[in-house]
Amino acid sequence: MKNILLLICFLFSVSCFSQEYPATRKTPSPITKHDVTFQDDYTWLENFNADEVSEWVNSQNQLIYTHTEEIKKKYSPVFKIKEYDNLSTNGLPEKKGDYFYSHYRLDKSKPAALFYRKKLNDAPIEITNTYRTFKDANVVMTDFYPSDNSKLVAYEVSINGSDLHQVGFTSISKKEDLTDVLKNVKFSNIAWNGEKGVFYKKTSNLSKFDKDSTYQMYYHKIGTIQDDDKLVFDSAKTEGVFTFFTKENKLVIMEHNKEETFRNFYWCSLAGDDFKPEKFIENDRNTFTFLNYSKERIYFSSKDYEWGEIRSRNMNGEDEKVIVPQIYTHLLVDTFFYEDYIICKYKTLGKNYIGVYDTSGQFIRKFDVPYNMDFRIRFFDKETKDLYVTFYSYAISFLNHKLNLETGKTQSYFNDYIEPKPALFSFDHFETKTVTYQSRDGVAVPITIVHKKGISLDGNNPTLLKAYGGFGTISGPVYDTGLLYFMEKGGVFAYAEIRGGGEKGTKWHKNGKGLKKMNTFNDFIDAAEFLIKEKYTSPDKLAITGASQGGLLVGVAMTQRPELFKVAIPQMGVYDMMNFGKYSVGKYHLDEYGDIENKNEFDVMMGYSPFHNIKEGINYPTTLIITSENDDRVPPMHSYKFAAGLQNRAAQKNPIYLKTLSNSGHSGKISNYQNYTEEKAAFYSFLLYHLNK
């Protein structure tokens, strides 16, 4: 009897600690490409609208929900995160045109409303509230565009997280919406023609996950219906991607060809209603980055100079001048043109600074940025010559300053509505340092490490490593109260500026894309080994995360070197490189990843494709795969198939979870504060729970 009871107890224990996944059928589908044959067992999960797929996703969500409730018994950071939020400072409003604009949440369970001020110290006045208009807490304003004289505002909204947007219009003086509505707007800004109307891009996609077909720009005249809008530019025949803006009574269009090998530039006058764009630059081989247009001159940065510089020339490509030359190893991150000033944002190893020049390129002065902080330039006061800037870091919330461009004087800025608060932590409570480590091929890669001051480097610290490494994107710190909670619990955070990003100039990107994309993933894996070697952590205490391209990064790292990591949390990632070009915007990323029709590029992609590199006999790290049901930028089928492939193997002992966020898109659960905070708390509690087991 005693032996029977022991056996029952043992079986109960095993059942409690084993992972029971939803049933996932395999439908073996052999696929042959370039004389290579492999099997895809989960093509059925690409059928997004099938009831079977919905039921499977719901079952996966129930699994992670049950686990999250169990975690809450040990870690429940949501209240601490809200406390940190309440004690954190706020940044300056954004100035567009004549007025200052801010978003405020009147109800934490609903989206923020848009407010404006005529003067910086005025009380904010509500302009429009998407919840009142749509009666839906999942409709969020993604951007807004005041008209030229600031009488009207066009505002863009996302419904349920999709990149397919709708545009409404509101009168600032009347505080009420116009009857004008634009639908099927995608990947588009809104450019005003005075107060008369707007230019916008419209998609012809019928299904949200179809290959993107946003090829047309229309003109909408205020007071009319969308059906009467006029087609101004159409790149459907060439499948070109274009951007546009209006300035100084001109419409300017920049169009890439399908292969992203050259560009055409067009312009037309806004006088009258007959808009006929004409080319003024033809077949440019992507030799420059457009920066600004002013007084019949184009300002640009030549791609011959990897660290960035500023040049100008007239509309005919003549009279080229160097305005601000390249500063070697000082990356020109951004430029701002105000009146007679050019403001340059520079990044060096672990440091940012502001360079001020006049429009001829004469250097005026430099402003250093303290405490390893980043900054956002908010606006310029042409009367006082003050530049208003908000500083912040991973560990320090928003510090507002005004910098006088003439005298060099700097001072903190407060007013009746932006009041001083005691610092949440002293500025030296957390230690931040940026160093370099050597990749396997001898390249120095920057990495920023943040942790509580005075922790022991004994290899026993729970550590989160993050990176992006794609599309030439330049990384910078994000102030995150959930991360503060993690670090207060003894966590170490590290961000690696790996190749594929733009942190060390244009060559840094080129050496981490296409046939060289594996450099990106190797740099990330080498960052993990550096953290272990330097005793920040150990494989039993190390987690990795990243989103979108960063999700792919995590998927590759965990399938290439599973023994290095305890936890992996890839988010909104691309995992099936064989099929990434079939959906949504994937076809625009052939330059970044490669084209499966090219054998050399196919071989490289399939060598790292996370879904195709899952091995039957490997126990991969504890994994939480996060996606969104309406992510029409990186469709959730990538996450579904990756989760199924990881779960459905006898060797997998560590748990694999899939979380699909409802009413959300590529940016996750952001429509209201309550949901956003709960998701952040769930992320960091999952991290701490599994790293400290």
Across region 244-265, which residue is nearest to the chain's Cα centre (by Cα) among those that are open to solvent by 40 Å² or more (accessible area, probe 1.4 Å) and of a type in the set (S, T, N, Q)? Thr261
Just to verify a result, which residue in region 158-176, among those that are of a type outside the set (Ser, Thr, Tyr) and more than 30 Å from the chain's Cα centre (by Cα), is modelled with the highest pLDDT? Ile172
Output the residues belonging to region 266-297 that are farther than 19 Å from Lys230 by Cβ and either outside any strand (DSSP E or B) or under 27 Å from the mean Cα position of the chain (by Cα) (or both). Arg285, Asn286, Thr287, Phe288, Thr289, Phe290, Leu291, Asn292, Tyr293, Lys295, Glu296
Any residue in region 606-619 that is touching a His at 6+ places or on another chain (Cβ under 7 Å) and over 25 Å from Met141 (Cα atoms)? yes
Please verify whether region 228-248 includes one or more residues that are at pLDDT 95 or above and assigned to a helix (DSSP H, G or I). yes
Identify all residues within region 521-567 that are over 19 Å from the mean Cα position of the chain (by Cα) and part of a strand (DSSP E or B); write none if there are none. Leu542, Ala543, Val567
Members of region 85-141 found to be charged (D, E, K, R), in contact (Cβ under 8 Å) with a residue 24 or more places away in the chain, exposed (fewer than 14 other Cβ atoms within 10 Å of the Cβ) and not in a loop (DSSP other than H, G, I, E, B), listed by number: Glu126
Looking only at strands (runs of 3 or more DSSP E) that fall completely inside region 339-439, which ones have 2 or more residues that are over 29 Å from Asp526 (Cβ atoms) and either free of Cβ contacts under 8 Å to residues at least 24 places away in the same chain or not hydrophobic (A, V, I, L, M, F, W, C) (or both)? 351-358, 363-368, 374-381, 386-392, 399-404, 410-412
So Gly197 ticks every box in (1) out of contact with any Asp or Glu (no Cβ under 8 Å at 6 or more places or on another chain); (2) under 15 Å from Tyr219 (Cα atoms); (3) open to solvent by 10 Å² or more (accessible area, probe 1.4 Å) but one. Which box is left unticked? (3)
Going by what's in this entry, would Val574 be described as of a type in the set (Val, Ile, Thr) and part of a helix (DSSP H, G or I)? no
Going through region 615-651 in order, the residues found to be free of Cβ contacts under 8 Å to residues at least 40 places away in the same chain and touching a Phe, Trp or Tyr at 6+ places or on another chain (Cβ under 8 Å) are Leu646
Out of Gly551, Gly472, Gly501, sole residue that is surrounded by fewer than 23 Cβ atoms within 10 Å (Cβ to Cβ), out of contact with any Asp or Glu (no Cβ under 6 Å at 6 or more places or on another chain) and not acidic (Asp, Glu): Gly472
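The values are calculated or read from the model by the stated rules, or taken from the named source; none is laboratory data. Everything quoted here is computed from the prediction, not taken from an experiment. With ideal geometry, Cβ positions are generated from the backbone for all residues, glycine too; neighbour counts draw on all protein chains shown. When the accessible area is computed, the model is the full protein with side chains, heavy atoms only, and any ligands, DNA or RNA have been set aside. Shrake-Rupley method; radii C 1.70, N 1.55, O 1.52, S 1.80 Å.
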